[in-house]
Amino acid sequence: MSVEESTDDEAIESLLDQPARVFEHLLDQQEQFTEEETAELKLAFSRLVEMEAQPELIDAP
Amino acid sequence: MKILSVRLQNLNSLKGEHLVRFDEEPLASAGLFAITGPTGAGKTTLLDAITLALYGKVARYGNESNPEHVMTRHCGECSAEVEFEVTSGVYRAAWERHRAGKKPGGKLQAPKRYIYDASGEPLAQQIREAEQKIEDLLGLNYDRFLRSVLLAQGDFARFLKADANERAGLLESLTGTTIYTRLGKLAHEEANRREADLNARAAGLEQIELLEEEARKELSAALKAGDAEDKKLSAEIEHGTEMLAAIKQLTTAREKEAAARKDKAALDESQEVAKPKLEQLKLHRATLPFTKQLSDLDHAESTAQDAEAKLVVAQKNHEEAKARHDRATAVFQVSLSTALSKAKDSETAAKKAAQEAEAETATANKWLEENRADETLTQILGDLVSAIGETKNARETATRYWTAWTRVAHDVAPDQATNLPASLVGLSGTEQGSLIDEMISAGSGKQSLLKEAGQEAARQLNLRQDHLDKTRLVASLDHHRANLQPGEACPLCGSEEHPFADGAPADSGIAALEEEVTKANVHLEKARDEYKKLSDDLKRLEAGRAELIEATNRVEASEAELKQLLKPLASGIPAPGEEAALQSNLQKRAGDFREHEKQGEAGAKKKQEAETRIQQTLEEAARLLNKQSKIEKLSSVVAGNVSPISLDKAEDDFHDAVSSEQLSASQSTERKKDAESAAAKLKSVSEALHLAVADSDFASLPTLREANLTSEVADELETLENDLKQRTAAAEALSKQAAKDVTDLLAKQVLEGSDANAFIEKQQELRSGRDQLLEAQSARRSALATDDQNRKRKEESEKELAEDKKHFAVWRRLKELIGSHDGAKFRRYAQSISLDILTRHANRHLIKLSDRYRICRDLTGELNLEIEDLHQAGAKRPMASLSGGESFLASLALALGLSDLAGRTVRIDSLFIDEGFGSLDPDSLEVAIATLESLQQDHKTVGVISHVDLLKERIGTQIIVEKQPGGVSEIKVVPTV
């Protein structure tokens, strides 16, 4: 990915403040996943973000 | 983050204490300043002080904490302190280290670090505490600080050459995006955890053991056979249980039968023992018809005895009251006689006092009549004392004025003054005036003579002074005389004759003339003094004239007033000096008069009081005689050997005794009537009872009384009788029931004795056998149930596991995408975005430094950088291919870009660049300086350490580190050089 092509500097810098968007950016570059798998991965990533914010969730199933 | 000041002590060549304030002029307003000085002077030591104070480290010693060699040689202590400002406020970080005893030869001690807030409150006082606190405050650890604030020599290139991981870490710290590392690490760990969980559960399933089918069949068959056997055993045990109950009933019935027989024997014995008591109860029942008459007789006897006892007490009380009455009467009579005697004595004393008082009054009145004239004296004594005082004061004042006046008069005209009288008192006003005028006139005559004498003395002085002046003039012309020539005119007087041309007389007489002038001068001064004194004395005499006449007038007036007051007392005014004696005499006379007046009044008062007492004693005696007469009428008791007491108490006692005796007499009479009535009643009741007994089965009244029991004894005997009857009935019923039970059970063929024992033993064996059977059946059922549960659980778990394995595939893919054990994979991806942003920031600075190069990211590697050469048609090449100068410009642009990027979370307002400028050509150096100066617009302060002459000339504001003798240096801050 190259961000140089972007014209919106502020939007790109604020991208780093939103891990879910960065992950979606990463997924966009992955062609091997089906839509269902992509959706599952986004769901798992959001769960991961929750666990990072609330460590007590880590041992939950 | 902005560095406000650096303070250091004994670091390397900077011996002693040094302070550099970046927040004060000239550095405060200089966006760019140079730190200059010869090699080895200690320029970099300034930067060492900053890292020491903040992190306890020095860049040139690598990662060594608290390096030992920073202390200046031959010193015992060293320190560094930095004051800095961040968004949360101003803070102060300090590092210090010393040798033992702070002596140069002492052993090096452990360093200390502190962090303080703006108020001086310590936030950290331990090294570990300070390390954590400084990172929290700055948002930069040591390495990040070096790369973004203190750009040490060669570090620009080092950043460019850093590997992807190191660069990612730096970018992450600067952008505050460490969450990506944590998420990457968490993705790795969570996937591993879930995989481990699945593996553990799969292994757990393998551990579940299930029964083989053959084993399950065998267990079921055994269970069924066991249930049939249990049914048979249960029937047998149930039948045996009934027989055991019957055997127990028979045993119980036999025991009751034996007990009943035993109770019957005991009961018979009790009845034999109770027989006499039952006979006694029978006789008592025969006395019951006489119960009321016996009770009446008892009551009458008791009443008669009680009345007799009370009569005896009442008679005794009456005797005692009579005796008290007699004694009180005697005491009262004696007390009355004593009081009468005292009243007569008092009357006699009062009469005598009245006579004495009358005599005192008569004596005082006689004296007052003889000195009646002094009554007026007592009334005007105050005025007299005042008038005597005024006369005395007026006389003294007049005498004092006259004495002073005559003293002056003696100075003015001593001859006339000897004839002056001792006092003016007694002279008329005209005589006084003439006397005074004569003295003043004599003085005036003398004043005229002195005036003339003074005028003559002044004239004599003028004559002598003139003669002296002329003689001195002649003497002063000696050198002119020497020039005179015979026959030639004198240039002064024109005379052609020069009698003194040969010289003046040897003695010109100047000294004698001067002495005469002095004497004349003294004479004149003396005449003037005498005239002045006489004139002053004459003025005083004239001024005293009015005072003297006024004073003598006051004397006359006061004496006239005093004389008028003394007239009724037949006394004349006192001579001067006898005023006090007269006053004293008058005060004594007035005092005596008042004293006799008081004596007369006191005598009259005493007489009045004595007469009052006489009247009172007469009345008291009459009252006492009246009481005595009454007592004699009431009682014939003759006073015996008793002593008098207080009359009031004696009278009260007497009346109390009279009342007591009357009361006790009345009570005695009442008690006697009661006793006679009770005796009559007793006789009546007794006679009636004797007649009734004579018609009964009882031989006599005593026999009847003996048979009659108290209610308590009678109740006790009746209870005994009833108890015996109830026990007899109960024993008979129990015996009868036991016999019936035995008969019934034997009719049912219930076993007894050895047969029963054998039956019981057999039953116990049956029960034991059944217990064993039930235990075995329970184990079989449990084994089958457990196997059922295991089968079910395993089946369900296998389904869940299969489902979870599907879910785990998602986490495995997530791990493959972003997970790594250190979070580096996702961090690198996220920081590749940061690097794009960084290169944009860097290129903004690079444009100002060079129009040829642009930094861009190598898209073949995640975090690699390369340089684009615009002069070579945009050809891209690795960073390593740049020359020294090109590398410096690119590195500087990146460093400034890093600061911009860091500003997203950590604002960096202080940059220190140590060397690196030597590789630039003059044009590039000029561009670099202009670029650094432009940073001031962003409120950044840049310090540049360099030897480059052009740099030193181009940057006006400098911190100069100068070498001094002895290998030490001094710091100077100058605005321009």
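Which value in Å does the Kirkwood hydrodynamic radius of segment B:800-897 take, with 1/r averaged over all unlike C-alpha pairs and then inverted?
Computed over Cα pairs of segment B:800-897, the Kirkwood hydrodynamic radius comes out at 15.7 Å.
Once you place label points 7 Å from the Cα toward the Cβ at B:R528 and B:D744, how far apart are they in nm?
Going by the 7 Å Cα→Cβ label model, 17.8 nm.
Can you list the equivalent-ellipsoid semi-axes of segment B:396-485, largest first and in whole Å, using the square root of 5 times each Cα gyration tensor eigenvalue?
Three semi-axes, in Å: 58, 12, 7.
Taking every DSSP beta bridge that has both residues in the protein assembly as shown, what percent is antiparallel when rounded to the nearest 5?
Around 80 percent antiparallel, to the nearest 5.
Determine Rg/Rh for segment B:255-395; Rg is computed over alpha-carbon atoms and Rh is the Kirkwood hydrodynamic estimate from the same atoms.
With Rh from the inverse mean 1/r over Cα pairs, Rg/Rh is 1.87.
Quick one: which bits of segment A:19-34 get at least 30 Å² less accessible when the partner protein chains are in, versus the chain alone, with a 1.4 Å probe?
Residues losing area: A:P19, A:V22, A:F23, A:L26, A:F33.
If I compute solvent accessible area with a 1.4 Å probe over the protein chains, what percent of it on the protein assembly as shown is carbon and sulfur?
50
Rounded, prolate or oblate: which fits chain B, taking a ≥ b ≥ c as square roots of the Cα gyration tensor eigenvalues, rounded meaning a/c under 1.5, else prolate when a/b beats b/c?
Judged from the Cα gyration tensor, chain B comes out oblate (a/c at least 1.5, b/c at or above a/b).
Which of the residues in segment B:792-825 show a loss of at least 30 Å² in accessible area from their chain by itself to the complete set of protein chains, at a probe of 1.4 Å?
B:V810, B:W811, B:R813, B:L814, B:L817, B:I818
Can you work out the Karplus-derived ³J(HN,Hα) for every residue in segment B:236-243? Use 6.51 cos²θ - 1.76 cosθ + 1.60 with θ = phi - 60°, whole Hz, and x for glycine or proline.
Taking θ as phi minus 60°, the curve returns 5, 5, 5, 5, x, 4, 5, 5 Hz for segment B:236-243.
Determine which lysines satisfy two conditions relative to B:K446: a Cα distance under 20 Å, and not lying fewer than 8 residues away in the same chain.
Reachable lysines: B:K526, B:K532, B:K533, B:K539.
Given R₀ = 30 Å, FRET efficiency for B:H690-B:E718 by Cβ-Cβ distance, to 0.05?
0.50
Just to be sure I understand: if you take the accessible area of chain A alone plus chain B alone and subtract the pair, with a 1.4 Å probe, what total do you get in Å², rounded to 100?
Buried area between the two chains comes out at roughly 3000 Å².
Across segment B:402-412, in residue order, what do the Karplus-derived ³J(HN,Hα) couplings come to in whole Hz, using 6.51 cos²θ - 1.76 cosθ + 1.60 with θ = phi - 60° and x for Gly and Pro?
Once rounded to whole Hz, the list reads 5, 4, 5, 5, 5, 5, 5, 4, 4, 5, 6.
Given labels modelled 7 Å from the Cα in the Cβ direction, how far is it in nm from B:D230 to B:K681?
9.3
With a Förster radius of 45 Å, plug the Cβ-Cβ distance of B:E515 and B:T403 into 1/(1 + (r/R0)^6) and report the FRET value to the nearest 0.05.
So, using R0 = 45 Å, E works out to roughly 0.50.
Which stretch or stretches of segment A:22-55 have amide N atoms under 20 Å from the point lying 7 Å from B:R201's Cα along the Cα→Cβ direction?
From segment A:22-55, the list is A:40-41, A:43-45, A:47-48, A:51.
For each pair in B:K264/B:K748; B:K15/B:K952; B:K107/B:K133; B:K292/B:K681, compute the distance between the two Cα atoms and list the pairs where it is over 20 Å.
B:K264/B:K748; B:K15/B:K952; B:K107/B:K133
What percent of all Cα-Cα pairs in the protein assembly as shown falls in each 20 Å bin, counting up from 0?
7, 13, 9, 6, 9, 17, 21, 12, 4, 2, 1, 0
Cα-Cα over 23 Å: which of B:K815/B:K876; B:K322/B:K630; B:K366/B:K607?
B:K815/B:K876
Which whole-number value in Å² is the accessible area per residue of segment B:278-354, probe 1.4 Å?
With the other protein chains kept in place, segment B:278-354 gives 59 Å² per residue.
For B:K316, list the lysines whose Cα falls under 17 Å from its own Cα; do not include residues on the same chain fewer than 8 positions away.
Qualifying lysines at Cα under 17 Å: B:K672, B:K673.
Need the full-extension length gain, B:K649 to B:A110, defined as separation in residues times 0.36 nm minus the C-alpha distance. One decimal, nm.
Working it through step by step, the gained length comes to 183.3 nm.
Once phi is turned into ³J(HN,Hα) by the Karplus curve 6.51 cos²θ - 1.76 cosθ + 1.60 with θ = phi - 60°, what whole-Hz value does each residue of segment B:840-849 show in order, with x for glycine and proline?
These are the phi-based 3J(HN,Hα) values: 5, 4, 5, 5, 4, 7, 5, 4, 6, 7 Hz.
If R0 is 35 Å, what FRET efficiency do you get for B:Q726 and B:A699 from their C-beta distance, rounded to 0.05?
0.45
How many nm is it between the label spots at B:A359 and B:S119, if each spot is 7 Å from the Cα in line with the beta carbon?
Distance between label points: 10.4 nm.
Please list, or write none, the aspartates and glutamates whose alpha carbon is within less than 14 Å of the alpha carbon of B:K262, excluding same-chain residues fewer than 8 places away.
Reachable aspartates and glutamates: B:E732.
Over 21 Å between Cα atoms, which of B:K805/B:K825; B:K342/B:K649; B:K342/B:K605; B:K103/B:K963; B:K2/B:K102 qualify?
B:K805/B:K825; B:K342/B:K605; B:K103/B:K963; B:K2/B:K102
The values are calculated or read from the model by the stated rules, or taken from the named source; none is laboratory data. Predicted, not measured: the structure shown is a model, and the values here were computed from it. In this analysis, Cβ positions are derived from the backbone assuming ideal geometry, glycine residues included, and neighbour counts consider all displayed protein chains. The area values use the complete protein model at the heavy-atom level, side chains included, leaving out ligands, DNA and RNA. Shrake-Rupley method; radii C 1.70, N 1.55, O 1.52, S 1.80 Å.
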